[in-house]
Amino acid sequence: MPVFGPTRAALAAAAARGAQILPSLRLVLTAEALTAPPPPCAVELNAELEVLCAAAQELAARRAGWLYFCPAQSPLAVRLPRRLLQSTVLTFLRGVLRSRGQGVVRVVSQPGAAVIVLQGGAPRMPGDLPALLHRCGPYVTADDGGAAAVRLALSPTLPLREPPMLAELVQDRYSAVRVYLDGYCVEDVP
C-alpha cells in the first residue's frame with residue numbers, strides 16, 4: 001500500500017543493517033490488512049487456508065497435531081484481500097501457540113456464504129484479532145476467547161487468484177507466516 005511505503009522502506013533499511021524488524025513489520029502488515037481495498041479477484045478459501053495452515057505447521061516449533069485444517073467440501077470463492085485473510089488466521093494461531101493449545105481452522109459452506117471457524121487458543125484473544133475479524137465481515141466470538149467465526153459472502157463470478165506456493169511462505173523470511181509467528185518458529189527455539 002502506498003501509504004506504508006516510507007515505513008516499509010525504513011524497515012528494509014533497518015533489516016539491511018541487521019536490526020530485528022519482525023515485530024514492527026507485523027504492525028505494518030496488520031495495518032495494511034485493515035486498510036486494504038476489496039481486490040478485483042476472489043480467493044478460494046480452501047486452497048488459501050490449506051497452504052497457510054501447512055506453512056504454519058511446518059514452521060511452528062510444536063509437536064505434530066497442534067493445528068488441524070478442515071476444508072469445506074466444495075470450493076468457496078470470496079472477495080477478501082489475501083493479506084487480511086492471512087493476518088486474521090495467523091493472529092489467531094499466534095494466540096494458539098502462546099497458550100500452547102490446539103488450534104482448528106474450519107471452513108463451512110452456507111447458502112451464499114462461507115464461514116471460517118477458528119477454535120482453540122488462549123482464554124483471551126490477541127488484541128488485534130477483533131479488528132481483523134470485524135474487517136472480514138460479521139463475526140462472533142466465544143466468551144472465553146478460545147473461538148471465533150466470521151461469515152464471508154461468496155463471490156462466485158469473480159476470477160480466482162492463485163493461492164501462494166507453500167515454499168514461498170516457508171522460505172521467505174518476511175512472509176506473513178514468519179512475521180506473525182515470530183518467536184514460535186523452529187529457528188527461534190534454542
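The values are calculated or read from the model by the stated rules, or taken from the named source; none is laboratory data. Bear in mind the structure is a predicted one, so any value in this text is a computation, not a measurement. Every residue, glycine among them, receives a Cβ derived from its backbone with ideal geometry; neighbour counts consider all protein chains shown. The protein model used for the area step is the full one, side chains on, heavy atoms only, and it has no ligands, DNA or RNA in it. Shrake-Rupley method; radii C 1.70, N 1.55, O 1.52, S 1.80 Å.
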For this session: Could you tell me which helices of the chain pass both thresholds, a Cα extent of 20 Å or more along their own axis and a mean Kyte-Doolittle hydropathy of at least 0.5, with helices taken as whole DSSP H runs?
Result: 45-59
Seminar exercise, completed: Cα-based Debye curve of segment 89-158 sampled at q = 0.15, 0.26, 0.27 Å⁻¹ gives log₁₀ I(q)/I(0) of -0.46, -1.14, -1.21
For this session: Give the carbon-plus-sulfur fraction of the accessible surface of segment 36-135 in %, rounded to a whole number; probe 1.4 Å, heavy atoms of protein chains only.
Result: 54 percent
For this session: Towards the positive end of the charge dipole of segment 40-190, with charges on Cβ (+1 Lys, Arg; -1 Asp, Glu), say which of Gln110, Ser175, Ala61 has the farthest Cα.
Result: Gln110
Exercise. Heavy-atom accessible area per residue, the chain, 1.4 Å probe: how many Å²?
Worked result: 49 Å²
Problem set entry | Radius 11 Å from Cβ of Pro163, net charge of other residues (Lys, Arg +1; Asp, Glu -1) | -3
For this session: Using θ = phi - 60° and the Karplus relation 6.51 cos²θ - 1.76 cosθ + 1.60, list the HN-Hα couplings for segment 152-157 in order, rounded to whole Hz, with x at every Gly or Pro.
Result: 10, 5, 6, 10, x, 8
Exercise. Considering only protein heavy atoms, what is the solvent-accessible area of Thr35 at a probe of 1.4 Å, reported in Å² to the nearest 10?
Worked result: 80 Å²
For this session: Would you mind checking which residues have amide H under 5 Å from Ala61's amide H? H placed 1.01 Å from N; only 5 or more apart, or other chain.
Result: Cys185, Val186
Problem set entry | Cβ-placed point charges (K, R +1; D, E -1), dipole of the chain about Cα centre in debye, nearest 20 | 280 debye
For this session: At 7 Å along the Cα-to-beta-carbon direction for both Glu168 and Arg8, put a label point, then send me their distance in nm to one decimal.
Result: 1.4 nm
For this session: Please give the calculated 222 nm ellipticity per residue for the chain, where each DSSP H segment of at least 4 residues contributes -39500 (n - 2.57) and the sum is spread over every residue; nearest 500 deg cm²/dmol?
Result: -12500 deg cm²/dmol
